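Undergrad: Handing you a structure now.
The values are calculated or read from the model by the stated rules, or taken from the named source; none is laboratory data. Computed from a prediction, not measured in an experiment: that's the story for all the values here. Every residue, glycine among them, receives a Cβ derived from its backbone with ideal geometry; neighbour counts consider all protein chains shown. Note: accessible area is taken over every heavy atom of the protein model, side chains too, but ligands, DNA and RNA are not part of it. Shrake-Rupley method; radii C 1.70, N 1.55, O 1.52, S 1.80 Å.
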Amino acid sequence: MLLELKGLETFYGASQALFGVELDVAEGEVVALMGRNGMGKTTTIRSIMALTPAKSGSVRFGGKEIRTMAPYKIARLGLGLVPEGRRCFSNLTVAENLIAAARPGRWNIAEINRLFPRLAERRDQMAKTLSGGEQQMLAIGRALMTNPSLLILDEATEGLAPVIRNDIWAVIRTLKAEGQSILIVDKTLSELLPCADRCFVLEKGATVWRGKPEQLTPEIQDRYLGV
Ligand code: ATP
């Protein structure tokens, strides 16, 4: 397994958010992390990156225990996060944002421009002047520029115009076709499920269901994902 979480328990101060999360991602897989609002998806991702380190359990990446490692070291090992809320350097241009993230590998500026022609057209524009959708593309571009072995997308299409969402889903499908390993959180099940190889469902901070998208029956969806 590329990534393997076991018995993950994470706290915000005295308040426990994760109560034994189990999750794994194999090389080349797209894995969907699902669950209703507040069930612990973002906290799981923050624990993987040690932004909010887990208190117990294990996070293995490429066979190495990373639970207590510094976040910058984890990023360097090959975990690329596109965080919820698409953070970029607002006072840097598009090109500067991409260059700042660059690490050697298959992804470079030319390849990102090919993937996101809208970014290529705006290369000298300050990131803060981009639309929300363009900022999201830039956030994905930045994560890819680190040439991650695992790309993590947290609500990458949330709050975007339909045309831009479609563009981003097309990019995610392209990445999948190229064999990029991806861990993804997204509420648009109609796009997410056809793209995912496997799904994990969280409820109250614990993994309660895992399986293939075709096994996620309407009953299971109702029980764990319905509003
Ligand atoms: P959403 O879909 O709404 O983003 P989520 O599944 O990502 O939800 P988390 O954001 O991980 O859920 O939240 C899990 C639990 O941890 C919730 O009970 C939430 O209130 C709590 N929580 C999240 N962030 C913090 C924080 N910074 N401080 C305290 N509690 C937090």
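Undergrad: In the list 55, 64, which residue meets the criterion of being without any contact (Cβ under 8 Å) to a residue 24 or more places away in the chain and more than 24 Å from residue 156 (Cα to Cα)?
TA: Only one candidate qualifies: 64.
Undergrad: Residue by residue through the stretch 198-217, note down the ones that are open to solvent by 30 Å² or more (accessible area, probe 1.4 Å) and not in a strand (DSSP E or B).
TA: Within the stretch 198-217, 204, 212, 214, 215, 217 meet the criteria.
Undergrad: Is there a residue in the stretch 182-197 that is open to solvent by 20 Å² or more (accessible area, probe 1.4 Å), assigned to a strand (DSSP E or B) and touching a strand residue (DSSP E or B) at 6+ places or on another chain (Cβ under 9 Å)?
TA: No, because not a single residue in the stretch 182-197 is open to solvent by 20 Å² or more (accessible area, probe 1.4 Å), assigned to a strand (DSSP E or B) and touching a strand residue (DSSP E or B) at 6+ places or on another chain (Cβ under 9 Å).
Undergrad: What do you reckon, is residue 5 open to solvent by less than 10 Å² (accessible area, probe 1.4 Å) and within 10 Å of the ligand (Cβ to nearest atom)?
TA: no
Undergrad: Given 127, 139, which one is under 28 Å from residue 92 (Cα atoms), among the hydrophobic types (A, V, I, L, M, F, W, C) and in contact with a helix residue (DSSP H, G or I) (Cβ under 6 Å, 6 or more places away or on another chain)?
TA: Exactly one of 127, 139 is under 28 Å from residue 92 (Cα atoms), among the hydrophobic types (A, V, I, L, M, F, W, C) and in contact with a helix residue (DSSP H, G or I) (Cβ under 6 Å, 6 or more places away or on another chain), namely 127.
Undergrad: Sticking with this one: Here are some residues: 40, 28. Which one is in contact (Cβ under 8 Å) with a residue 24 or more places away in the chain and either over 26 Å from residue 141 (Cα atoms) or within 16 Å of the ligand (Cβ to nearest atom) (or both)?
TA: Criteria check complete, one pass: 40.
Undergrad: Can you pull out every residue in the stretch 43-70 that is among the basic types (Lys, Arg), under 19 Å from residue 13 (Cβ atoms) and either open to solvent by less than 10 Å² (accessible area, probe 1.4 Å) or away from the ligand (no atom under 13 Å from the Cβ) (or both)?
TA: 55, 67, listed by residue number.
Undergrad: Considering only residues that are in contact (Cβ under 8 Å) with a residue 24 or more places away in the chain and polar (S, T, N, Q), look in the stretch 114-151 and name the one that is surrounded by the fewest Cβ atoms within 10 Å (Cβ to Cβ).
TA: Looking at the filtered set, the residue picked out is 131.
Undergrad: In addition: For the stretch 71-102, name all the residues that are in contact with a helix residue (DSSP H, G or I) (Cβ under 7 Å, 6 or more places away or on another chain), open to solvent by 60 Å² or more (accessible area, probe 1.4 Å) and of a type in the set (Lys, Arg).
TA: Scanning the stretch 71-102 gives a single hit, 87.
Undergrad: Next question. Under the condition of being more than 9 Å from the ligand (Cβ to nearest atom) and either of a type in the set (A, V, I, L, M, F, W, C) or in contact (Cβ under 8 Å) with a residue 60 or more places away in the chain (or both), which residue from the stretch 12-25 is surrounded by the most Cβ atoms within 10 Å (Cβ to Cβ)?
TA: The selected residue is 21.
Undergrad: Kindly indicate whether residue 177 is modelled with pLDDT of 95 or more and open to solvent by less than 10 Å² (accessible area, probe 1.4 Å).
TA: no
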